[in-house]
1. Under a 5 Å amide H to amide H cut-off, with H placed in plane at 1.01 Å, what residues pair with Met373 once short-range neighbours are removed?
2. Using alpha-carbon pairs under 8 Å, 6+ residues apart, how would you state the relative contact order of the chain in percent?
3. Using the number of other C-beta atoms within 10 angstrom as an exposure proxy, rank Val216, Val41, Val428 with the fewest first.
4. Dipole of the chain (Lys/Arg Cβ +1, Asp/Glu Cβ -1, origin at the Cα centre): which of Ser3, Trp232, Val405 lies farthest to the positive side?
5. Placing unit charges on C-beta atoms (Lys and Arg positive, Asp and Glu negative, everything else neutral), compute the dipole magnitude of the chain about its Cα centre in debye, rounded to 20.
6. Could you work out the helix-only [θ] at 222 nm for the chain, with each DSSP H run of four or more residues adding -39,500 (n - 2.57) and the total divided by the number of residues, to the nearest 500 deg cm²/dmol?
7. Would you work out if the chain is rounded, prolate or oblate? Take a ≥ b ≥ c from the square roots of the eigenvalues of the alpha-carbon gyration tensor; rounded if a/c is under 1.5, else prolate when a/b is larger than b/c, oblate otherwise.
8. Where a ≥ b ≥ c are the square roots of the eigenvalues of the C-alpha gyration tensor, would you call segment 104-240 rounded, which needs a/c under 1.5, or, failing that, prolate if a/b is larger than b/c, or oblate?
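What follows is calculated from the coordinates using simple rules that are stated; it is not laboratory data. Keep in mind the model is a prediction, meaning the values are calculated, not measured. In this analysis, Cβ positions are derived from the backbone assuming ideal geometry, glycine residues included, and neighbour counts consider all displayed protein chains.
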Amino acid sequence: MISFPNPKPIAFRQEIPEINDTGYLTHSVFFHPAKFIPQVVRFCLKNYVCNTSKGSRVTVVLDPYAGSGTTGLEASIVGVESYLIELNPFCSYIYDVKFANLTNNELDKFKKYIGLIFDSRTNEEQIGNSQTVSLLEGWKDLTYWYPEQLFDFWCGIWSRFHGYLEEDNSLAKKILALSLLKVSKKYSFAEHNMPKLFTSRRKRKWLENALNALFVEEIIRCEVEIEAEKLWYQLYQLTKDFPRRAPVYYYTGLDSASLDFDSIPVELDAIITSPPYLQAQEYLRTFKMELIWLGYSSDKIKSLQKLEIPFRPSDGKRIEISYLESLRSLITDRKLLTMFDSYFWYVLKTLESASKKLRTGGKLCVFIGSPKMQGIEVEIWKAIYEYFVGKLDFKMVEIFDDKIVRRKLFSNRNNPNPEGMKSEFMIVLEKR
């Protein structure tokens, strides 16, 4: 039986005091569940990437589970190039804004676009042709989430958005899209302050009261403009404070588990990532409303959901290491055991495949929790340690234990771990 090192206590927020707000700059352009804090990424960059001797060589990092893009922004700020891979295609909208530079030209475009979307009452047939018909068909999947009055209103807004801006790929369009999506969800039955897509009596009552207000459509337009102003200001701060940043190369709608990482044209100095925490989150379901408004069909969303771990089948393949074997004997629910095996197969094999692009001496930095399955704590870092150190001959550098100080949880959760996890761990390994 392999022996595991003792994690070293750490507080990443204290280790990186120069970052005193986890949503600073453009880190908070759009809500994303379970994103890791920028101090974690900055710590890894500062201690394992930026301090390495590289001469004239470009320094490059990868995040194969990019999520909200924390790794990309932090790397860009400190002058490190990065590659981001993300399954959720909606994240391209986040990245297009998050890593952008502000220009007056884009501001002028935005003012024009918001006028087109809200002031125009042109018949959709004149602006959207067959595409609008197709979109309207897909949007029927959202009728559950809106009262009829608002559903028709939002269909008109989004029809004009797609009709007028179909061929546009500007920053102004992406900022308008994010702003519209935030307010589209707020003015729906969906709880807009929680990650999961669900409704509640409280939210339905709030929406009923909101619809009784005078000039509700004018209020909605004002809220869209306010959300956009927040994004413009965040981009202004990023552009002003860090006018010269390293490039971020990002690819969305791609499955890291089946990706040929040789398509990345350079060697990597580090992989800095945070995979999903076992069965913790169905990310694509969280963004289903946003994806549908943006024109993704339910069939396309379902096809992507089938690739999410641990919900995708591993066809009986599993990782054979002692730590996982010790847990398998305790998990009696066959469905959960299948998910367990699928999770570790895809996460460890993806990290192994990605790590082949690491240079000798390159670091693998994985930030992960210890969720419970059937009441059993699964210390994911131990599986990563045993697989990479025991099987792939990586060198152990450090394992950190960071106590969780803030979390947003549902009250009265029907959950095997209702209080949530107490710590998250950063395991740092070195390729020999």
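1. When sequence neighbours closer than 5 places are left aside, the close amide H contacts are Val378.
2. Details: 628 pairs, mean separation 91.5, N = 432.
Rounded, it is 21 percent for the chain.
3. Working: Val216 15, Val41 30, Val428 22.
In increasing order of surrounding Cβ atoms, one gets Val216, Val428, Val41.
4. Looking along the dipole axis, the top candidate is Ser3.
5. Values: 58 positive and 54 negative charges, 189 e Å.
With Lys and Arg at +1 and Asp and Glu at -1, about 920 debye.
6. Numbers: 16 runs with 183 residues, N = 432.
The helix contribution divided over the chain gives -13000 deg cm²/dmol.
7. Numbers: a/c = 1.95, a/b = 1.48, b/c = 1.32.
Prolate shape, in that a/c is at least 1.5 and a/b is the bigger ratio.
8. Values: a/c = 1.77, a/b = 1.18, b/c = 1.49.
In terms of gyration-tensor shape, oblate.
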